[in-house]
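Written out below as structure tokens is the structure these notes cover.
The values are calculated or read from the model by the stated rules, or taken from the named source; none is laboratory data. Given the structure is predicted, the values throughout are model-derived calculations rather than measurements. As a convention, Cβ positions derive from the backbone with ideal geometry for all residues, glycine included, and neighbour counts pool all protein chains shown.
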RNA sequence: UGCCCCCUCGUUCAACGGCAGGACAGCUGACUCUGGCUCAGCAUAUCGGGGUUCGAAUCCCUGGGGGGCAGCCA
């Protein structure tokens with residue numbers, strides 16, 4: 001599958017919005033906080049699902065900021081939980097990061113550090129900083145206390161270093177059952193920060209890991225693995241989302257106890273978009289329950305979904321640059337994304353004419369059997385895109401919306417007696433209509449002005465309306481899929497007691513038109529090539545297309561000023 | 001009711017003790033062979049109360065509001 005045209009080249013310099021993160025790094029560079037070490041960041045996804053738009057922000061920050069300061073970024077898979085992680089996700093994530101326009105310095109896996117992490121655990125045990133606890137998960141929870149009450153020490157907390165060493169080695173050796181013991185850091189069970197109440201470092205899990213297979217049956221927890229992985233990679237700025245702020249003291253504690261490279265964690269707000277749900281777990285559920293057609297369903301906010309939909313890396317990068325980063329949690333208007341997407345496509349997409357809901361128009365005074373070709377600009381925004389020839393004939397299709405028997409005020413499209421322009425072709429005037437027995441409109445009869453060829457009348461006569469059209473004899477019939485928001489509420493999580501997130505699913509998020517009529521040049525459309533169907537929207541060929549049947553996805557509709565006027569008049 | 005974080009136009013991000021500004025959205029209008037694009041203009045904000053200061057969005061105190069945290073998930 002080639003998607004060359006949809007992808008702009010590597011990420012360059014979208015005007016970076018200022019950000020407190022930039023300020024911190026600039027400060028650290030000027031004070032030489034890390035000596036002469038190069039700025040090093042990492043993007044650390046867990047391979048337990050597909051990347052989504054929210055991750056795009058993290059990627060732009062991690063890669064973008066490092067690049068700005070001449071630094072490097074690793075792609076590191078945070079693969080410490082074999083029960084949820086799969087190679088499929090590892091592959092998809094790499095493809096998505098590349099698609100977004102970034103390339104990593106090193107490809108890393110937390111699982112590569114399991115031996116080192118194990119050695120360090122041994123050291124902490126030897127130093128009396130960690131112990132093996134035989135309490136059950138349930139008991140550990142009870143001993144932890146609550147948000148308002150301190151926890152209490154485990155009865156196993158004061159085992160000797162020798163006993164802990166022996167037990168931990170036997171945990172690794174596979175002598176104990178899942179869940180029977182854990183290794184915990186010995187910190188402070190009365191800390192107001194729950195993360196510091198002797199956090200679990202290792203659990204026993206006899207599960208096959210997607211990379212290390214059955215080599216290990218003990219796996220490190222996130223807190224113990226992440227900071228140390230950062231340190232191993234000499235990450236200077238480990239940027240993560242706000243919910244990890246409470247973990248920062250623990251992040252530092254491990255690094256200090258171990259006396260290793262002092263990576264520092266900095267938190268920023270995750271990207272939230274209105275009408276969009278970015279919970280990996282819930283996204284998985286949408287897929288598993290077949291509420292959408294897979295991870296790359298064009299309605300999904302996954303990078304693979306919006307890519308198939310026709311969204312572009314440049315637009316995503318522009319959005320991320322525009323929203324910046326802060327420590328405030330909020331929700332960005334989806335319109336912002338749509339704006340940057342339209343802006344990107346407006347410059348790059350070739351135009352074409354396509355009629356989604358066809359209405360036949362017969363030009364009575366046009367010679368029967370005649371055909372001709374009019375020259376049309378491929379992209380008025382970009383002369384270098386060249387021109388193409390589009391066939392015109394006596395019978396054409398126009399959009400049903402472009403004709404009204406009884407025109408409302410300010411309507412300047414086709415209506416009886418009204419003259420309009422067929423884009424790049426001729427002026428036509430509607431003369432009469434033909435209706436079926438049930439009163440429905442069958443076709444419109446017009447006359448044309450042969451002197452107006454190309455779209456202008458030599459007498460300087462003006463028309464208000466210009467519409468797109470497709471010659472019936474030359475038309476390509478295709479399926480067109482119109483997508484709308486997946487959720488109908490700005491906040492998908494806003495549902496009444498006893499309700500469900502999925503109650504907010506938009507029942508009209510997909511409308512399929514099976515018999516749209518397209519200009520013949522669209523037969524050559526390539527996967528990944530963006531088009532603007534003039535006056536309608538941005539589209540791209542879908543991968544479901546076959547030699548016999550083309551399928552197009554609507555990326556986004558064009559802004560519709562008329563709809564606004566009409567709505568206002570109706571209101 | 002413990003700890004942590006956060007409160008600036010409708011939304012989002014700036015202003016780092018010195019005239020509150022940009023983007024998106026909105027509204028007017030101009031232009032137009034896409035009711036698209038573009039252009040011009042308009043409107044809208046520092047959560048409240050104290051304090052420090054010549055001067056506070058910014059610093060301090062206090063009240064209010066929002067968010068996060070009690071996985072052997074990340």
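From the list A:520, A:492, A:530, A:458, the lone residue that is under 20 Å from the mean Cα position of the chain (by Cα) and over 30 Å from residue A:289 (Cα atoms) is A:530. Residue A:463 satisfies every condition listed in (1) under 17 Å from residue A:350 (Cβ atoms); (2) within 16 Å of RNA strand B (Cβ to nearest atom); (3) in contact with a strand residue (DSSP E or B) (Cβ under 6 Å, 6 or more places away or on another chain) except (1). Against the list (1) near RNA strand B (Cβ under 9 Å from one of its atoms); (2) surrounded by 20 or more Cβ atoms within 10 Å (Cβ to Cβ); (3) outside the structural domain of residue A:58 (by TED's automatic domain parsing); (4) in contact (Cβ under 8 Å) with a residue 60 or more places away in the chain, the condition residue A:374 fails is (2).
Within segment A:117-136, the set of residues being outside any helix (DSSP H, G or I) and within 16 Å of RNA strand B (Cβ to nearest atom) comprises A:130, A:131, A:132, A:133, A:134, A:135, A:136. Candidates A:93, A:140: the one that is in the same structural domain as residue A:71 (by TED's automatic domain parsing) and either closer than 30 Å to residue A:313 by Cβ or touching a residue at least 12 places away in the same chain (Cβ under 8 Å) (or both) is A:93.
Of the residues making up segment A:273-290, those that are within 13 Å of residue A:501 (Cα to Cα), part of a loop (DSSP other than H, G, I, E, B) and in contact (Cβ under 8 Å) with a residue 12 or more places away in the chain number 4. Of the residues contained in segment A:401-420, none is found to be farther than 23 Å from residue A:565 by Cβ and either within 12 Å of RNA strand B (Cβ to nearest atom) or in contact (Cβ under 8 Å) with a residue 12 or more places away in the chain (or both). For residue A:291, state whether it is more than 14 Å from RNA strand B (Cβ to nearest atom) and surrounded by fewer than 17 Cβ atoms within 10 Å (Cβ to Cβ). Answer is yes for this residue. Scanning segment A:137-157 for residues that are part of a loop (DSSP other than H, G, I, E, B), within 12 Å of residue A:200 (Cβ to Cβ) and within 6 Å of RNA strand B (Cβ to nearest atom) turns up just one, A:144. Restricting the first member to segment A:249-266 and to residues that are in a loop (DSSP other than H, G, I, E, B), and the second to residues that are surrounded by fewer than 17 Cβ atoms within 10 Å (Cβ to Cβ), the beta-carbon pairs closer than 6 Å and six or more apart or on different chains are A:261/A:234. The strands (runs of 3 or more DSSP E) falling completely within segment A:9-116 that include 3 or more residues that are touching a helix residue (DSSP H, G or I) at 6+ places or on another chain (Cβ under 8 Å) and within 29 Å of residue A:311 (Cα to Cα) map to A:40-43, A:72-77. Might you check whether a residue that is near RNA strand B (Cβ under 10 Å from one of its atoms) and free of Cβ contacts under 8 Å to residues at least 60 places away in the same chain occurs anywhere in segment A:320-331? Within segment A:320-331, one or more residues are near RNA strand B (Cβ under 10 Å from one of its atoms) and free of Cβ contacts under 8 Å to residues at least 60 places away in the same chain. Just wondering, is there one or more residues in segment A:101-108 that are away from RNA strand B (no atom under 16 Å from the Cβ), free of Cβ contacts under 8 Å to residues at least 24 places away in the same chain and outside the structural domain of residue A:207 (by TED's automatic domain parsing)? Scanning segment A:101-108, I find no residue that is away from RNA strand B (no atom under 16 Å from the Cβ), free of Cβ contacts under 8 Å to residues at least 24 places away in the same chain and outside the structural domain of residue A:207 (by TED's automatic domain parsing), so the answer is no. Please work out if residue A:231 is closer than 19 Å to residue A:115 by Cα and either assigned by TED's automatic domain parsing to the domain that holds residue A:87 or at pLDDT below 95 (or both). Answer is yes for this residue. Where residues in segment A:184-201 are assigned to a strand (DSSP E or B) and crowded, with 20+ Cβ neighbours inside 10 Å, which of them is farthest from RNA strand B (Cβ to nearest atom)? By that ranking, first place goes to A:185.
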